[in-house]
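Here the structure is laid out as structure tokens; the discussion comes afterwards.
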Amino acid sequence: MITRPRSRAAIAAGWALLSAAVTAALLPASASAHGLVGRSDLPLPDWLFAWGSSIVLIVSFVGLTLGWRSVRFEDYRWRRFGAGVSGALVGRPAHLLAGTVGVLLLVLVVSTGIDGVDAPDRNFAVTFVFVTFSLGLVVLSVLFGDVFRAFNPWRAIAHAVAAGFSRLVGEKQKAPLTYPERLGRWPAVAGLIGFVFLELVWGQTGFAAAGLTPRTLAVATVAYSLYTFAAMGLFGIERWTDRGETFSQYFGMFASLSVFEVRDGRLGRRPLLAGATRWALPAGSLALVLVAIGATTFDGAQEGVLKDPISSLFQTLTDSGLSPVAALRLTNSLFLVGTLAAVAAIFWGGIYGMRIVDGKRSALELARKFAHAFIPIALAYLVAHYFSLVVYQEQAQFTYLLSDPFGDGSNLFGTAGSGIDYGLVGATAIWYVQFGAIVVGHVTALALGHDRALALWKDPRTAAYSQVWMLATMVFFSVLGLYLLSQANG
């Protein structure tokens, strides 16, 4: 079924406005923005931001329908840089240097976690892993491409050990097992869920004696390292890095949005966002994107909209005889699973709606085809929820935590007495960054989805009609993101 452009635009606007109305109606009058922006600090009413984001998405959709009528991202052209530039940035010396830095940081995380002070806010390991590493590398990946591949400490150590062993025995050793292609990125998905559980469930007990201590983080790091080395030994270093290693896949997902790409050891450039069109081919890619979105959603909801339900279930479990720590961990686990399921349900709602233009394609096929379009949403949620955290905690990371990583009174760089300047970025500026990230991320997602629809259905009218439900999904996600921000710590 094909409708005229104006009819499609009207249908799209109707669905999107309905989604915005339903979600915006849920926004209460009393709220704060992610615990750092008080309700009285918001420059405009929160409902106005929700409606504003919806209108921007609708206008963007109409603009894409009328002005974007040919494929632009598929089969993109990759242009390599000169040999000198490429060699300096991604050559063997650069990889050796980056790998050495990665290994030293891994050793520092483990050593400070085991021998450092127990207070998480005074120990180098906790801030580095959950802020500098897991969030900072996302930014670097989007800006400069797959930089983590060079800094990956497990890959560097494995290659060094493999080279030494090959020299010892006189020949290069092959991996004993072939990595099953059907596994795709599923091991990385499992690892990401484990990382999220460690941070948001195990580390959020609310009890000082049972939270995520630096020692627990160090033990988890060692356990993950042993697991990774074993997998690299069984399936091959590069093969495991390209499929199963959690952080290589996680940061690689965001690196697919970058203009920089390395092929066969040569650095080159590609159109912005174009790399994402090829990223989601292996099995498990869709799950990785949805877990990334769902984890950030749960973290935001945990502070606001889910706060009372979590407290209620926690009380019920403690009344039934569970210890407070076990009750809260079980409660958070259940709500984390529920949040991931809810995010997946929203996504699949848009996918099933898309089948109105092509019932011959299965929902699973369409889901895999459009999974890459949701990477910008995962990025938008990260920026919106953690922008202020990074701004403040990186001040700590590169001043007193760097000078006194063990918390034993050292002052290696003369900055141990420094503090965090919470006035560096104002509350209003934070809210505008959050709003801008949500809107730009979802508009970008619309563009990627529209381009893929053109590639699949060729006809611009059919492609636009297929994206009506996707527009409603994007509006729902954008308003949901703003809703969670406005409710955080409310």
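The values are calculated or read from the model by the stated rules, or taken from the named source; none is laboratory data. Treat the numbers as computed from the prediction; the structure is a model and nothing was measured. Here the Cβ is made from the backbone with ideal geometry for all residues, glycine too, and neighbour counts use every protein chain on show.
Quick check: anything in the range 227-239 small (Gly, Ala, Ser), assigned to a helix (DSSP H, G or I), surrounded by fewer than 22 Cβ atoms within 10 Å (Cβ to Cβ) and more than 14 Å from the chain's Cα centre (by Cα)? Looking for residues that are small (Gly, Ala, Ser), assigned to a helix (DSSP H, G or I), surrounded by fewer than 22 Cβ atoms within 10 Å (Cβ to Cβ) and more than 14 Å from the chain's Cα centre (by Cα), one finds at least one in the range 227-239, hence yes. Residues in the range 62-115 that are exposed (fewer than 15 other Cβ atoms within 10 Å of the Cβ), within 28 Å of the chain's Cα centre (by Cα) and among the hydroxyl-bearing types (Ser, Thr, Tyr): Thr100 alone.
Here Leu272 clears all of (1) of a type outside the set (Val, Ile, Thr); (2) buried (at least 19 other Cβ atoms within 10 Å of the Cβ); (3) under 24 Å from the mean Cα position of the chain (by Cα); (4) outside any helix (DSSP H, G or I) except the condition numbered (2). When the range 350-377 is filtered for residues that are of a type in the set (A, V, I, L, M, F, W, C), surrounded by fewer than 22 Cβ atoms within 10 Å (Cβ to Cβ) and over 20 Å from Gly184 (Cα atoms), only Ile356 remains. If you filter the range 437-462 down to residues that are in contact with an Asp or Glu (Cβ under 9 Å, 6 or more places away or on another chain) and modelled with pLDDT of 90 or more, you find that the one that is farthest from Tyr76 (Cα to Cα) is Trp457.
Selection of first residues in the range 230-241 that are within 14 Å of Leu183 (Cβ to Cβ) and of second residues that are β-branched (Val, Ile, Thr), restricted to Cβ pairs under 9 Å at least 6 apart or on distinct chains, gives the following pairs, ordered by first then second residue: Phe235/Thr178; Gly236/Thr178; Arg239/Thr178; Trp240/Thr228. Close contacts from the range 439-464, counting a first residue that is more than 13 Å from His372 (Cβ to Cβ) and free of Cβ contacts under 8 Å to residues at least 24 places away in the same chain and a second that is surrounded by fewer than 21 Cβ atoms within 10 Å (Cβ to Cβ) and of a type in the set (Gly, Ala, Ser), with Cβ to Cβ under 9 Å and a gap of 6+ residues or different chains, come to Ala463/Ala455. If you go through the range 242-262 and keep only what is more than 24 Å from Thr178 (Cβ to Cβ) and outside any helix (DSSP H, G or I), you end up with Ser256, Leu257, Ser258, Val259, Phe260, Glu261, Val262.
Is it the case, given these coordinates, that Val391 is surrounded by 17 or more Cβ atoms within 10 Å (Cβ to Cβ), free of Cβ contacts under 8 Å to residues at least 60 places away in the same chain and among the β-branched types (Val, Ile, Thr)?
Criteria met by Val391.
The set of residues in the range 315-349 that are charged (D, E, K, R) and either at positive phi or exposed (fewer than 14 other Cβ atoms within 10 Å of the Cβ) (or both) contains only Asp319. Could you grab me the full set of residues in the range 456-480 that are within 19 Å of Val289 (Cβ to Cβ) and in a helix (DSSP H, G or I)? Leu456, Trp469, Met470, Leu471, Ala472, Thr473, Met474, Val475, Phe476, Phe477, Ser478, Leu480 - these are the residues of the range 456-480 that are within 19 Å of Val289 (Cβ to Cβ) and in a helix (DSSP H, G or I).
Looking only at residues that are part of a helix (DSSP H, G or I) and without any contact (Cβ under 8 Å) to a residue 60 or more places away in the chain in the range 353-386, which one is farthest from Ala472 (Cα to Cα)? Before you say what the answer is, go through the steps one by one.
Residues of the range 353-386 that are part of a helix (DSSP H, G or I), as a first pass: 353-354, 363-386.
Now drop any that are not without any contact (Cβ under 8 Å) to a residue 60 or more places away in the chain, which leaves 363-366, 383.
Numbers: Ala363: 17, Leu364: 19, Glu365: 20, Leu366: 16, Val383: 22 Å.
Only one residue fits best here, namely Val383.
Scanning the range 297-352 for residues that are β-branched (Val, Ile, Thr), closer than 22 Å to Ser486 by Cα and at pLDDT 90 or above gives Thr297, Ile310, Thr339, Val343, Ile346. Reported count of residues in the range 224-266, each being among the hydrophobic types (A, V, I, L, M, F, W, C), touching a strand residue (DSSP E or B) at 6+ places or on another chain (Cβ under 7 Å) and under 11 Å from Asp146 (Cβ atoms), is 1. Return the residue satisfying two criteria in turn: it lies in the range 409-438 and is assigned to a helix (DSSP H, G or I) and free of Cβ contacts under 8 Å to residues at least 24 places away in the same chain, and of such residues it is farthest from Ser54 (Cα to Cα). Applying the filter and picking the extreme gives Ala429. The single condition among (1) closer than 22 Å to Ala276 by Cα; (2) modelled with pLDDT under 95; (3) aliphatic (A, V, I, L, M); (4) touching a helix residue (DSSP H, G or I) at 6+ places or on another chain (Cβ under 6 Å) that Leu135 does not meet is (2).
Restricting Ile430, Ile377 to residues that are in contact with a Ser or Thr (Cβ under 7 Å, 6 or more places away or on another chain) and of a type in the set (A, V, I, L, M, F, W, C) narrows the list to Ile430.
For the structure I just gave you, tell me whether Gly136 is out of contact with any His (no Cβ under 9 Å at 6 or more places or on another chain) and either in a helix (DSSP H, G or I) or crowded, with 19+ Cβ neighbours inside 10 Å (or both).
Yes, satisfied.
Taking the range 212-226 as the region of interest, how many residues are within 23 Å of the chain's Cα centre (by Cα) and outside any helix (DSSP H, G or I)? Final tally of qualifying residues: 1.
For (1) part of a loop (DSSP other than H, G, I, E, B); (2) within 19 Å of Ala292 (Cβ to Cβ); (3) at pLDDT below 85; (4) not aliphatic (A, V, I, L, M), each residue gets a yes or a no:
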position	(1), (2), (3), (4)
Ala175	yes, no, no, no
Thr178	yes, no, no, yes
Ala188	no, yes, no, no
Gly194	no, yes, no, yes
Val201	no, yes, no, no
Phe207	yes, no, yes, yes
